[in-house]
1. Which numbered condition trips up HIS426, out of (1) within 16 Å of the ligand (Cβ to nearest atom); (2) of a type outside the set (Gly, Ala, Ser); (3) buried (at least 17 other Cβ atoms within 10 Å of the Cβ)?
2. Taking the condition assigned to a loop (DSSP other than H, G, I, E, B) and touching a strand residue (DSSP E or B) at 6+ places or on another chain (Cβ under 9 Å), does SER179 pass?
3. Among the residues in the range 389-404, are any under 32 Å from the mean Cα position of the chain (by Cα) and either within 30 Å of ASP448 (Cβ to Cβ) or within 15 Å of the ligand (Cβ to nearest atom) (or both)?
4. ASP484 fails exactly one of the following numbered conditions: (1) farther than 30 Å from ASP399 by Cα; (2) touching a helix residue (DSSP H, G or I) at 6+ places or on another chain (Cβ under 7 Å); (3) part of a loop (DSSP other than H, G, I, E, B). What is the number of that condition?
5. Return a yes/no flag: does the range 603-622 have any residue that is crowded, with 21+ Cβ neighbours inside 10 Å and within 16 Å of the ligand (Cβ to nearest atom).
6. In the range 444-455, which residues are more than 24 Å from the chain's Cα centre (by Cα) and either assigned to a helix (DSSP H, G or I) or loosely packed, with under 15 Cβ neighbours inside 10 Å (or both)?
7. What number goes with the only condition from (1) within 16 Å of the ligand (Cβ to nearest atom); (2) in contact (Cβ under 8 Å) with a residue 40 or more places away in the chain; (3) crowded, with 20+ Cβ neighbours inside 10 Å; (4) over 17 Å from ARG320 (Cβ atoms) that ASN579 does not pass?
8. Considering only helices (runs of 4 or more DSSP H) fully contained in the range 293-376, which possess at least 1 residues that are among the hydroxyl-bearing types (Ser, Thr, Tyr) and within 16 Å of the ligand (Cβ to nearest atom)?
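Just so you know, all these numbers are worked out from the coordinates, no wet-lab data involved. Just so we're clear, the structure is a prediction, and the values are computed from it rather than from any experiment. Glycine also receives a Cβ, built like all others from the backbone with ideal geometry; neighbour counts cover every protein chain displayed.
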Amino acid sequence: MDIIFHQKEKIFQINTENTSYLMAVADERYLGHLYYGKRMEDYHGFYLLRTEEKPFVPSINLREKSAFLDAFPQEYSTWGVGDYRESCLNVRNSDGCLGCELLFDSYRIIDGKPALKGLPATFCGESKGKTLEITCVDPVLSLKVILRYSIFEDSDAIARSAEIINESGQILHIEKALSACLDMDNEAFDMITLNGSWGRERRIVRRPASLGRQSAASVRGESSHQEHPFMALVTPGTDQTQGEVYAMHFVYSGNFMAMTEVTQFDSLRMVMGIHPDNFDWELKPGNHFQTPEVIMVYSDEGLGKMTRTYHDVYRNHLIRSPYLHRPRPILINNWEATYFDFDSDKLLDIAREAKKAGIEMLVMDDGWFGHRDNDDSSLGDWFVNENKIKGGLKKLVDDVQSEGLLFGLWFEPEMISPDSLLYKKHPEWVISIPGRVPTQIRCQYVLDLSRPEVVDYAYEAVASILRSADISYVKWDMNRQLCDIGSTYLNRKNQGELLHRYTLGVYKMQERLITEFPNLLLENCSGGGARFDPGMLYYSPQIWCSDDTDAIERLAIQEGTALVYPLSVMGAHVSDCPNHAVGRVTPFATRGHVALAGTFGYELDITKISDEDRAQVKLQTAMYHQYNDLIREGDYFRIASWQENHLYDCWQVVSKQKDETLVTYVQVLSQPNFRSRKIKLAGLDPKGVYKLEDTGKIYSGEMLMNAGFLIQRKMGDFISDLYHFKQINC
Ligand code: GLA
């Protein structure tokens with residue numbers, strides 16, 4: 001790991017263990033992007049800026065300045081003076097004109113990584129890090145932009161962000177401030193994004209990057225079910241093990257935009273940052289604006305290596321929770337078991353039966369507060385409904401604990417129901433446009449978290465309950481998207497700040513929560529997985545993946561999620577059948593195997609399932625304890641995808657020492673007249689000798705990886721198996 005400035009050639013060189021990133025200061029101080037890719041020691045790539053290819057240097061040919069700006073590989077693009085490609089920074093001056101041009105000013109290289117105030121961001125943790133800060137200026141606006149690039153000793157990821165500082169005497173308006181830009185030549189790239197919907201989050205979508213602009217974006221006030229703040233460009237033929245991958249992932253939970261633009265010259269620009277729609281930040285003289293950060297990863301060994309780089313950088317440098325490296329208590333959540341129809345007796349029945357099966361925590365989901373018996377009331381009224389929870393919350397928590405289980409609780413702190421005491425008292429706390437009846441989604445409005453007193457109220461509502469009883473876990477939900485973007489708190493000229501201020505308000509509340517309750521296990525959630533993003537991971541070590549708990553649907557959801565997120569963060573539960581989202585019936589064992597690739601837990605009425613299923617719960621909770629260390633800490637390999645082959649799914653987790661591996665195989669559809677299937681394992685020690693636990697048979701790592709392992713044919717659909725190999729010659 002190193003960052004060097006080659007003074008003579010004016011080239012910045014960032015080297016991680018396997019990658020290099022080069023930038024150069026070109027004529028007239030334009031900062032250009034030279035190279036991102038496989039690690040190189042040589043840095044003499046100035047010619048790649050093509051500035052000698054006439055007529056493209058302004059001082060030589062001022063009449064063609066736009067031709068220069070519109071083709072030059074910009075390190076951080078700006079809008080308004082002749083580069084017509086997608087910009088990163090749009091600034092309006094006090095005369096109302098939009099235009100900005102950045103020139104290199106200075107740089108510094110520092111040890112470590114500065115925190116980004118108020119924002120989730122990667123940190124050095126136990127390894128060393130370095131940060132390059134490049135300062136650029138717009139002399140006309142007296143605007144300063146600090147571009148930051150941080151790297152870590154144990155990672156190939158690069159964390160990028162920009163800080164914008166108004167050094168002028170005039171008020172400036174930032175109308176767009178993205179976090180990262182990558183200008184490259186197009187190499188017939190495919191673009192990979194994660195798209196979906198409620199119950200179908202984060203499916204992998206691949207399409208050619210073609211001329212013009214293609215994006216992944218959210219303007220819903222959260223990272224969303226529909227699109228995901230991730231984009232990768234891959235060279236033709238890229239698969240799990242081969243091909244070049246350039247990926248960006250955004251550490252942010254609000255509106256975002258990722259954009260790829262293929263230009264007239266077959267060059268390509270990829271950008272990522274806060275979505276510019278409805279964004280307008282007033283920057284007073286002397287004020288700073290900090291963008292959230294983008295985590296960039298390059299891999300020359302296909303998607304698999306990109307995946308493992310993201311998994312490791314998030315486990316080592318983003319998730320702060322003390323639970324990160326601990327097995328999480330196996331929980332049972334009453335949502336699919338009872339929905340709103342429960343009371344403390346019912347919950348205690350579930351707790352008793354759960355305890356017998358090895359479950360460790362009961363989570364009381366939505367419906368315990370105010371007069372909420374369905375989803376049309378009481379959000380904001382965070383006091384327990386004693387008609388349901390007899391004797392109060394503390395009594396229930398104590399009773400559950402005396403049954404030997406921990407207790408967890410559901411909240412939705414950012415919301416307010418029109419039918420609530422809070423709304424009667426504070427209608428002005430709702431995000432809304434004056435004169436317009438705000439649109440309800442799921443019968444609820446959103447609290448205006450740009451107001452400091454609302455953040456305080458919502459935080460105290462949660463915290464005072466946590467102070468009142470011994471609650472080990474919180475599921476923090478957010479069940480609607482934002483619209484009617486208006487605040488009675490903000491001035492006219494600051495309304496464009498509301499969406500970002502809302503996200504900052506969420507971060508402020510979660511920061512306070514984990515500071516005041518450092519041992520709390522926090523799970524974020526948003527109508528399933530609509531706010532499953534690296535921003536939330538900074539506060540919670542796990543996020544509920546999807547409201548669709550069907551084992552087969554989950555294969556695709558979890559495959560897409562695991563493309564960038566470690567298995568240890570994916571909230572996954574075994575639920576009852578027919579499945580509530582799709583009506584499918586799958587074997588109980590398959591449901592267990594699929595949930596095992598996540599945090600693992602239950603979402604069913606254990607008092608009502610069959611004796612056979614109940615007996616399986618006992619086996620599954622033991623299975624969780626046997627494999628969780630490996631699944632939580634190991635390297636993940638995607639072996640086969642039923643999204644591609646339409647028949648079977650297979651993934652593998654290998655311990656960092658390569659002395660153990662767990663293979664999960666799901667036969668989604670059975671076929672007639674078929675023999676055993678050969679699959680090639682990955683990530684093992686080729687010289688290792690491995691014993692398959694079930695049969696005692698011995699295999700070499702080399703054979704398993706190059707020739708393959710035989711999976712015997714199974715009769716029936718949706719059938720799964722685990723294969724656990726241990727190295728015996730180490
Ligand atoms: C969201 C969550 C569910 C459940 C409900 C409760 O949809 O994803 O798991 O908590 O809210 O209303």
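1. Going through (1) within 16 Å of the ligand (Cβ to nearest atom); (2) of a type outside the set (Gly, Ala, Ser); (3) buried (at least 17 other Cβ atoms within 10 Å of the Cβ) one by one, HIS426 breaks only (1).
2. no
3. Looking for residues that are under 32 Å from the mean Cα position of the chain (by Cα) and either within 30 Å of ASP448 (Cβ to Cβ) or within 15 Å of the ligand (Cβ to nearest atom) (or both), one finds none in the range 389-404, hence no.
4. Failing condition for ASP484: (2).
5. yes
6. PRO452, GLU453, VAL454
7. Tallying (1) within 16 Å of the ligand (Cβ to nearest atom); (2) in contact (Cβ under 8 Å) with a residue 40 or more places away in the chain; (3) crowded, with 20+ Cβ neighbours inside 10 Å; (4) over 17 Å from ARG320 (Cβ atoms), ASN579 fails exactly one: (2).
8. 335-338
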